[in-house]
Amino acid sequence: MDFASIFKEELSSYIDFKKSQGYKEASFSGLARKLDIFLMQKNDKTFTDVDCELWRMKPKSESNKSHYSRVCFSKKFFTYLRLKGYEVSIPKLVAFIPSDFQAHIYSREEIVKYFIAVDSFSQNLSVRMRLQIPIIFRLLYSTGMRIGEVLGIRKKDYDRDTGSIFIPVSKNQKERIIFLSASMANLLEKFANKTFDRLSDSDFIFQDSTCRKLTNSAIRHHHLKFLNMANIPYLGEFKGPRIHDFRHTFAVYSFRQLLEMGIKVNVALSILSKYMGHSSIEATEGYIQIVKSMFPDILVPFEEKTMFIFKDL
């Protein structure tokens, strides 16, 4: 990366250091860029207590998560410089304030009504969309894939022999393989039989009328129609139910199923974290609270043994 501030060489050196530890540059490049812009006001290689307080201030437009990530990155960077002999102040870490957003977990009844709407409405679409829409939404619900991952599937990514989908590097810089259920694999195979002969290996399997990859906005447009047809109240753009809530729904029910199979909580979290492509188990732990609220009896046999792991729950 190219930086412009007085600390441009140090920022580049720090990023090289983090990459040597196995971190992906994309995971902190944006944070480094923000710090570089702030540091462009400085004419010498100092970072004072006053600078720390200015940097720690949270603009109204910045989310709590972004604020925490920005300050956390700077604390690590200036600690690195201090170890290198620089006389710089180290910003104090701000408190992590979790988002008050709550995902919508679709009930079994809502899922049934939703897919009745999907299948009935699809009959009014063009032949291409009539084939694609039911498959796209069933993939979202049955695999927990992100919408961008579903729409990003290329012909070469689907292994018809194993019924699996390869997800190349996406969010969190992780690649993974999704194995479909027998019923989902059967549906996708029928779709492939009708459409794949016109595609090259690098083509996206879900396309619009101009043979370009379908967009998120096009799928969201259909999603809102399906919610309305299924009489599932839509509360607004940032309140949902969103397409992404299918991913949360998949995670919650999968976590419940793993526990009912007798798998320990920490092992279940590890399995789910890797499957979902999360950057860490901490990103998956939030589902414990949802499972506890929806299925209070599920975690009872495990709580005494696992409270030392999740003390804040």
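The values are calculated or read from the model by the stated rules, or taken from the named source; none is laboratory data. Fair warning: this is a prediction, and the values are worked out from it, not measured in the lab. The accessibility values were calculated without ligands, DNA or RNA, using every heavy atom of the protein model including side chains. Shrake-Rupley method; radii C 1.70, N 1.55, O 1.52, S 1.80 Å.
General remarks:
- Estimated at the nearest 10 Å², the accessible area of K92 is 150 Å² with a 1.4 Å probe.
- Probe 1.4 Å, accessible area per residue of the range 2-151, Å²: 56
- Quick note on the chain: its Rg to Rh ratio, both from C-alpha atoms and Rh being the Kirkwood radius, is 1.03.
- Taking each DSSP H run with n ≥ 4 as -39500 (n - 2.57) and averaging over every residue of the chain yields -16000 deg cm²/dmol at 222 nm.
- Checking the cross-link pairs K8/K42; K156/K225; K65/K264 against a 20 Å limit on the alpha carbon distance flags K156/K225; K65/K264 as lying beyond it.
- Within the range 1-150, the ratio Rg/Rh, alpha carbon atoms throughout and Rh by Kirkwood, equals 1.21.
- The chain, accessible surface, carbon-and-sulfur percent (1.4 angstrom probe): 53
- Solvent-accessible surface (1.4 Å probe) assigned to E175 amounts to roughly 120 Å².
- All Cα pairs of the range 65-189, percent lying beyond 21 Å: 61
- Of the residues T210, T79, the one with the largest accessible area comes first in the ranking T210, T79, computed with a 1.4 Å probe on protein heavy atoms.
- When the alpha carbon coordinates of the range 154-213 are projected onto the principal axes, the ranges are 31, 27, 16 Å, largest first.
- Kirkwood hydrodynamic radius over Cα pairs of the range 161-261, then Stokes diffusion coefficient at 4 °C and 1.567 mPa s, in µm²/s: 78
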